[in-house]
Amino acid sequence: MHSEDTIAAIATAPGEGSISIVRMSGPDSLAIASKILRCAKPPLTERPSNTIVHGFVLDQGRDVDEVLVLVMRAPHTYTGEDVVELQGHGGTTSARRILRCALQAGARPAEPGEFTRRAFLNGRLDLVQAEAVLDLVRSSSDRAAEIALQQLEGRLSQILNSIYDNLVTVAADLAAAMDFPEDELHPQIGVNSTNTLKIVKKYIDRLLATWNEGRILRNGAMVVISGLANVGKSTLLNTLLEYDRAIVSPIPGTTRDFIEENFCLHGIPIRLVDTAGLRPSDCELEREGVRRAREQMLKADLHLYVLDASQPLSPVDAANIADRPREKCVVVLNKADLGLRVAPKDLPGHDAVVTSLLEKKGLDQLRMLMGAKIEISEMPALGEAGSHIAISERHRSLLLKAASEVEAALAMLNSGKEEDQFLASETIRTAVEYLALIIGRVYHDSLLDEIFSRFCIGK
Ligand SMILES: Nc1nc2c(ncn2[C@@H]2O[C@H](COP(=O)(O)OP(=O)(O)OP(=O)(O)O)[C@@H](O)[C@H]2O)c(=O)[nH]1
Ligand SMILES: [Mg+2]
């Protein structure tokens, strides 16, 4: 597909900056840029690809900004079309004026993600790679950025394509074998198909196992601080964030609504939530706070249960701790500076850390334990060593469907019945369709709208 029209947008973030970029893509990019540019000869339209030209953008004969112009000719560009980038002196006003000139000269404003959408439609990227562009822009940690970049470079696509190709081969082999109805399925074809399907299934399962990491890296791991009133929950939030976000006071029931903030722990993006102290109350507002606290706890990837360890372990604390899944809970035995009347050994089977948030003690150990608990698995078995993959929710839901089709086909091949072999081939074709949807070999406009509408304008 090659578009008829030429799109333009400001590609840099709004606000003051040292450079601002207006980007154009489409068949008339060079002609439009040439119309609004005063530069030395030859004109832009005669310049070779990948050159930089110095000049001035003009609006009705008056200079608007001094610019460097990047000339990139199709097909080896981001979008696969002629692309021009005008780099001005920075600042929103100047970028807007350059964009206005480009629009007056014949470009049309780009939709969000339209440059990347064109890259996809022109075969420069598959859908999985296009999604990685957004992941990269949005990544909030080194690790997330690394994974996004590898996905953009095609690591995940390679594996998906190989699964796709193998499934197509198996479906074709089975279909070909059926063209000779007088024979039973050739035993070799049966064995090969079964083996291939088993390997494919293993690969799909390994990809599925990376989803949780992907979810955490894209959305952040939800860590919920809970416990009885006045034990130091808000102090813990402030300490981990390293600034005074929440009100701390010796009055029990200080925090009413929950408070959510993001931060990064050992490269893992975290959504940290402080909640109201869990206690019965006559006050309607406080009861609502406790209800909201419980709602947050249901969504937690990790619980930090805080208690006042200078007091003997209360039955309520013991019950609350028992309620939380052990593998997802760290008990924070706080206020150790006031004397320790609950020790980790009193909570067998639970991970517990003794802290004094007042004296800033026990924090390194707490951070280590949090990092270890928010499990992020390495997956060296897939692809080359050192490659990281983390699939998204969209990939996961389609892979789950593909996996169940592959499993069904395996069962059919095992049955040994001739009609089942025909069905197996059809079932594998359905799995192939799911794979095609992930990579974008098949797509609907509504899917593209959904994916690219999340991008910024100019990307
Ligand atoms: N001695 C001592 N006091 C602490 C420690 N951590 C917090 N505090 C104090 O305990 C009181 C309550 O702290 P908060 O952080 O507001 O407790 P909270 O659990 O958020 O309380 P609510 O929001 O009311 O449920 C404050 O006066 C803190 O200064 C500690 O390690 N040692
Ligand atoms: Mg509080």
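The values are calculated or read from the model by the stated rules, or taken from the named source; none is laboratory data. Everything numeric in this text was worked out from a predicted model, so none of it was measured. All Cβ positions, even for glycine, are placed from backbone atoms using ideal geometry, and neighbour counts span all protein chains on display. For accessibility, only protein heavy atoms count, side chains too; no ligands or nucleic acids. Shrake-Rupley method; radii C 1.70, N 1.55, O 1.52, S 1.80 Å.
Couple of notes before you dig in:
- Extension gain, I247 back to A13 (0.36 nm per residue minus Cα-Cα distance, nm): 80.9 nm
- Per-pair calculated FRET efficiency, R0 = 51 Å: K198 and L103 via Cβ, rounded to 0.05: 0.35
- Portion, in percent, of the accessible area of region 214-318 that falls on carbon or sulfur, probe 1.4 Å: 53
- For E242, the solvent-accessible surface computed with a 1.4 Å probe is close to 140 Å², ligands and nucleic acids excluded.
- Amide H partners (placed H, <5 Å) of V67, local residues excluded: G55, F56, V57
- Of all DSSP beta bridges in the chain, antiparallel share, percent nearest 5: 60
- Look at the Cα gyration tensor of region 220-373: its axes a ≥ b ≥ c give a/c under 1.5, and that counts as rounded.
- In order along region 389-398, phi translates into HN-Hα couplings of 9, 8, 6, 9, 4, 4, 4, 4, 5, 6 Hz, rounded to whole numbers, per the Karplus curve 6.51 cos²θ - 1.76 cosθ + 1.60 with θ = phi - 60° and x for Gly and Pro.
- Three-way shape label, region 7-124, alpha-carbon gyration tensor, a/c 1.5: oblate
- Kirkwood hydrodynamic radius (C-alpha pairs) into Stokes-Einstein, the chain, 4 °C and 1.567 mPa s, D in µm²/s: 49
- Solvent-accessible surface of protein heavy atoms, probed at 1.4 angstrom with all chains present, puts T210, T93 in the order T93, T210, largest first.
- Given R0 = 41 Å, the distance between the Cβ atoms of A40 and R454 translates into a calculated FRET efficiency of 0.50.
- Overall, the accessible surface of region 60-144 at a probe of 1.4 angstrom is composed of carbon and sulfur to the extent of 48 percent.
- Annotation: amide H of C329 within the under-5 Å range of H303, sequence separation 5 or more or interchain, hydrogens built in the peptide plane.
- Accessible area expressed per residue, region 66-219, with surrounding protein chains retained (probe 1.4 Å, Å²): 45
- Phi-based couplings in Hz for region 399-407 (Karplus 6.51, -1.76, 1.60; Gly and Pro marked x): 5, 4, 5, 4, 4, 6, 5, 4, 4
- Residue-span extension gain [L338 to K361] - 0.36 nm each, minus C-alpha spacing: 7.0 nm
- Rg ratio (alpha-carbon, reference 2.2 N^0.38 Å) - region 135-214: 1.57
- Note that region 233-247 has calculated 3J(HN,Hα) couplings of 5, 5, 4, 5, 4, 4, 5, 5, 6, 6, 7, 7, 7, 10, 6 Hz, one per residue in order, obtained from phi through the Karplus relation 6.51 cos²θ - 1.76 cosθ + 1.60 (θ = phi - 60°); glycine and proline are x.
- Which of L278, L44, I374, positive extreme of dipole for the chain (C-beta unit charges): L278
- For region 220-373, the solvent-accessible area of protein heavy atoms averages 48 Å² per residue (probe radius 1.4 Å; ligands and nucleic acids excluded).
- Largest to smallest in accessible area, the residues Y305, Y243, Y78 fall in the order Y243, Y78, Y305 (1.4 Å probe, all protein chains included).
- Computed over protein heavy atoms with a 1.4 angstrom probe, the accessible surface ordering of S234, S415, largest first, is S415, S234.
- Taking the C-alpha atoms of region 169-260, convex hull volume expressed per residue in Å³: 162
- Accessible area of H89 in the full protein assembly, 1.4 Å probe (Å², nearest 10): 110
- Area of K201 that stays accessible when all protein chains are in place (1.4 Å probe, Å², to 10): 30
- Our note on the geometry: Cα centres of region 386-423 and region 228-295, 44 Å apart.
- Here's how it looks for A276: its modeled amide H is under 5 Å from those of A293, which are all 5 or more places away or on a different chain.
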